[in-house]
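> Just dropping this structure here.
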Amino acid sequence: MARSHKRRGWGLRGGCLVIARLFYTCSSGDEPHGVASIFRPRAEAVKPAVDHYAVCGNPVGHSLSPRIHAAFAASTGQMMRYDRLLIPDGGFVPTIEVFFNQGGKGLNVTLPCKSDAFAWLGEARCATSAIEARAVNTIRWDGEEFWGFNTDGTGLLRDLTFHGICVADRRLLILGAGGAARGVLPELLSAKPALITLANRNMARAEEVVRDFRQRYSTPLEAVELSKVSPDFDLIINATSAALTASSRPDIDPAIIQTADCYDMVYGANARFHHWARDITRGKSLDGLGMLIEQAAEAFSIWRGVRPETISVRNLLIQA
Ligand code: NAP
């Protein structure tokens, strides 16, 4: 589905006030998630004094992203504002339209809106990372077009490397087959593990992901039902939303994790898989805070053209 979203007519008008005219076009009627099939809003907008970014999703009240990006902005000397943008149920497109109509420059997109963001942009406006994931977690407005990226895989790989956890030649088990699993698969497959097994409750979903990625990567990739996973893995990554949707962790045999390094994409008090695994495994067990920081750093460099260092933000948030 090729589609373009354009916002035109920026012009200086006195001091830092810029009046913008907005113009979006949409060339396809095949719209998922209730997105309007013909979409051409025009609006007058006031450009904020500093470039405006936000994290959007539902919920977003707990998000650490505003603190992370404020720290990045301070350390790189960038003038910007970063807020939380709550997306009401089914309201992704109208909410982000208002944000961009008011001069917004970019968004981080979190649960449950990543696939809505991909559908809104269409493949033509997405980087390979987002096309392969079929999910967008970073939107950039470059003054002419909107662009979509997925920085989750980069974030995970950088955090694993930071903690000295190797992927090459190891046997990986990924729990879950949703947007987060898809988002990290390109980077993990490119890091040349010996095998990646995708374990999910819904087997059809895992098989679909495996089919999609097998076409593009030579690394062995297989799907298995979550209840049928057997031990023999070096690194286990929890990419399920069990902690958020059911206040639980994926139900697997403790024998599977005894000698493996374990990584929970969830962080903080909700990282139930990590809290469980760290008492069982003789390997390392980590939560997803480092991944969150590293994927944010990648988004920041996409927006601002400068890569922030992440050690001081790690220290700041670990102490908090
Ligand atoms: P998603 O697309 O909704 O997928 C959810 C996945 O979790 C599905 O595979 C689902 O299995 C599985 N699942 C849900 N409840 C389960 C349970 N009780 N037991 C076993 N499996 C269960 O969500 P997502 O976007 O992939 O996000 C997954 C997690 O990753 C979220 O917790 C998110 O916060 C986290 N994440 C963290 C970062 C970071 O930077 N640290 C980045 C991205 C995502 P079925 O298909 O069988 O339903």
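The values are calculated or read from the model by the stated rules, or taken from the named source; none is laboratory data. Remember, it's a predicted structure, so these values are computed and weren't measured experimentally. Positions of Cβ are backbone-derived with ideal geometry, glycine not excepted, and every protein chain shown enters the neighbour counts.
> Sort out which residues of segment 96-113 are in contact (Cβ under 8 Å) with a residue 60 or more places away in the chain and touching an Asp or Glu at 6+ places or on another chain (Cβ under 9 Å), and write them in order of number.
Here is the first cut: in segment 96-113, the ones in contact (Cβ under 8 Å) with a residue 60 or more places away in the chain are 97, 100-101, 103, 105-106, 108, 111.
Correct list: Asn101, Gly103, Lys105, Gly106.
> If you don't mind, there's one more thing I want to ask. Within segment 233-251, can you find the residues that are near the ligand (Cβ under 9 Å from one of its atoms) and among the aliphatic types (A, V, I, L, M)?
Residues satisfying the conditions are Ala239, Ala242, Ala243, Leu244, Ala246.
> Restricting attention to segment 141-174, which residues are basic (Lys, Arg) and either modelled with pLDDT under 95 or crowded, with 19+ Cβ neighbours inside 10 Å (or both)?
Step one: filter segment 141-174 for residues basic (Lys, Arg), giving 158, 170-171.
Selection gives Arg158 alone.
> Sticking with this one: So which residues in segment 214-228 are away from the ligand (no atom under 15 Å from the Cβ), in contact (Cβ under 8 Å) with a residue 24 or more places away in the chain and under 24 Å from the mean Cα position of the chain (by Cα), if there are any at all? Outline the logic, then answer.
Of segment 214-228, the ones away from the ligand (no atom under 15 Å from the Cβ) are 214-222.
Remaining after also requiring in contact (Cβ under 8 Å) with a residue 24 or more places away in the chain: 216-217, 219-222.
Of everything in segment 214-228, those that are away from the ligand (no atom under 15 Å from the Cβ), in contact (Cβ under 8 Å) with a residue 24 or more places away in the chain and under 24 Å from the mean Cα position of the chain (by Cα) turn out to be Arg216, Tyr217, Thr219, Leu221, Glu222.
> Moving to a separate point now. Pick out the one residue from Val136, Val93 that is more than 16 Å from the ligand (Cβ to nearest atom), within 17 Å of Asn58 (Cα to Cα), touching a residue at least 12 places away in the same chain (Cβ under 8 Å) and among the aliphatic types (A, V, I, L, M). Give the derivation first.
On the way: Val136 fails: more than 16 Å from the ligand (Cβ to nearest atom).
From the options Val136, Val93, the qualifying one is Val93.
> Now, a different point. Can you tell me which residues in segment 149-180 are within 15 Å of the ligand (Cβ to nearest atom) and small (Gly, Ala, Ser)?
Matches in segment 149-180: Gly153, Gly155, Gly176, Ala177, Gly178, Gly179, Ala180.
> Can you find a residue that is surrounded by fewer than 17 Cβ atoms within 10 Å (Cβ to Cβ), within 14 Å of the ligand (Cβ to nearest atom) and within 23 Å of Thr281 (Cβ to Cβ) anywhere in segment 189-196?
So the first thing to find is which residues in segment 189-196 are surrounded by fewer than 17 Cβ atoms within 10 Å (Cβ to Cβ), and the list is 190, 192, 194-195.
From what is left, the residues that are within 14 Å of the ligand (Cβ to nearest atom) are none.
No, there is no match, as no residue in segment 189-196 is surrounded by fewer than 17 Cβ atoms within 10 Å (Cβ to Cβ), within 14 Å of the ligand (Cβ to nearest atom) and within 23 Å of Thr281 (Cβ to Cβ).
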